[in-house]
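A short write-up of the structure that comes next.
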Amino acid sequence: MEAIDRPTIQRSATALASDVRRRPALDAASKLEHYGGGEIAAALGRLNPVFAQDVLGALTPGARERALAAAPANLAGQWRRNAAYAEGTIGRMMEPVTAAFAPQQTIGETIEALREMVRTAFITYCYVVDARQRLLGIVTMRDLLFGAHERRLEEVMLRDPFALQAPMALEEAMKKVLDRHFPVYPVVDAEGRLLGLVRGQSMFEARAFDITAQPGSMVGVDKEERLLTPWPRSLKMRHPWLQLNLLTAFLAAGVVGAFQGTIDRLVILAMFLPVLAGQSGNTGCQALAVTLRGLTLGELKPGSEKALVLKEAGLGMMNGAGVGLIASFGMYVVASGQHAGHPVMLALVVFMAMVGSCVASGLSGAMVPLTLKRLGFDPATASSIFLTTATDVVSMGLLLSLAALLVR
């Protein structure tokens, strides 16, 4: 194990942690590679456990081993244990267990033990475990303060305490703790053994980061990208999605090209193509935002997908009718002013196309994230790109095809 200058490490760890927490995990790991194991361990110990675990996994094997060797034994062991759990699970964000005692220990003995522990750890509860480390109960600081020193912990502990399962997804755990608001939660395995602790603050920070990353995911921005991400890496993460967007845009262009004769005959239609695309796109984005929010908050129950899709289709029809009336009136005025033929029929085409495209947009806004989730992808991943393709193709195709059929 390398020699560690503790005062020097402590002085630099706070500044180093402040720097790396603003970076994505890969960039943070690159920053830490050049430091000693003690400095890396001290900096990681000051980060959110979820992010610290991601950075630790991104380090080179040599740097990782230096950090694990230099870290306190309980923290290094916790990092190794956390690495066995998948990303997005509670097990990934555990902190080491502190203040775990046997049920036969007295309150007086516990208080004496805590006097030393509180110098290096922030302790909220005491945990009572048996010889196999199974969680039996929790003792609050109030019970220790007012309890007789000769009483045993098993006499004052709160039995059957609430605990989280290590393999549980963060999203599911957030639903369970929503009305509890405890500062820290014990984490157990299937047999009830105490594996670690998770602070409520860490859970909410992790969830808040996922939520802030969602708008970027909708347009193909990776959640790993930050303000300090180097431009070559940003380009690498963003550009493939722009190529996909270009490919889907060609579909919309192909629809317009298929009706080139109609546009040459009715040039006025070109003026209303962006109007339909914009209105139907906004309708789809509204449905998409509501659906993603419902999925994020767990409001969408199994079997309720059909009702959601029908609701968004109905809203699309009503909103399309409302804006379609104004748009069709605008078409009538413009067509009459330019002495174009069939102004009434052109206005009817715009109205029908607006209603149809808004219905399709509402359906797409709900169906795109639901389909992505069913296929096992993040519902927000590039959902805006797929939605834009659907709305552009349908809105332009409807307007031009209706004009070709009805306006002779």
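Here are a few things to note about the model shown:
- In the condition set (1) surrounded by fewer than 18 Cβ atoms within 10 Å (Cβ to Cβ); (2) part of a helix (DSSP H, G or I); (3) modelled with pLDDT under 90, residue 341 is compliant with all but (2).
- Leading residue by the ranking (nearest to residue 43 (Cα to Cα)) among those in the range 1-23 that are at pLDDT below 80 and open to solvent by less than 60 Å² (accessible area, probe 1.4 Å): 13
- For residue 300: the one exception among (1) buried (at least 16 other Cβ atoms within 10 Å of the Cβ); (2) part of a helix (DSSP H, G or I): (2)
- Across the range 85-104, a minimum of one residue is classified as over 30 Å from the mean Cα position of the chain (by Cα), open to solvent by 40 Å² or more (accessible area, probe 1.4 Å) and more than 20 Å from residue 119 (Cα to Cα).
- Looking only at the range 344-374, residues that are farther than 30 Å from residue 308 by Cβ and open to solvent by 30 Å² or more (accessible area, probe 1.4 Å) come to 3 in all.
- Screening the candidates 395, 357, 328, 383 for the property of being under 25 Å from residue 245 (Cα atoms) and either out of contact with any helix residue (DSSP H, G or I) (no Cβ under 7 Å at 6 or more places or on another chain) or at pLDDT 90 or above (or both) yields one hit, 357.
- Members of the range 18-72 that are more than 19 Å from residue 83 (Cβ to Cβ) and in contact with a Leu (Cβ under 6 Å, 6 or more places away or on another chain): 21, 22, 23
- Test result for residue 396, open to solvent by less than 40 Å² (accessible area, probe 1.4 Å), out of contact with any His (no Cβ under 8 Å at 6 or more places or on another chain) and in a helix (DSSP H, G or I): yes
- Single condition residue 25 does not satisfy, out of (1) over 21 Å from the mean Cα position of the chain (by Cα); (2) over 24 Å from residue 163 (Cβ atoms): (1)
- Residue in the range 142-160 that is crowded, with 17+ Cβ neighbours inside 10 Å, among the aliphatic types (A, V, I, L, M) and within 23 Å of residue 46 (Cα to Cα) present: no
- Condition check for residue 64: touching a helix residue (DSSP H, G or I) at 6+ places or on another chain (Cβ under 9 Å), free of Cβ contacts under 8 Å to residues at least 12 places away in the same chain and in a helix (DSSP H, G or I): yes
The values are calculated or read from the model by the stated rules, or taken from the named source; none is laboratory data. Predicted, not measured: the structure shown is a model, and the values here were computed from it. FYI the Cβ positions are ideal-geometry reconstructions off the backbone, even for glycines, and counts take in every protein chain you see. Heads up: the accessible areas ignore ligands, DNA and RNA and are worked out on the full protein's heavy atoms, side chains in. Shrake-Rupley method; radii C 1.70, N 1.55, O 1.52, S 1.80 Å.
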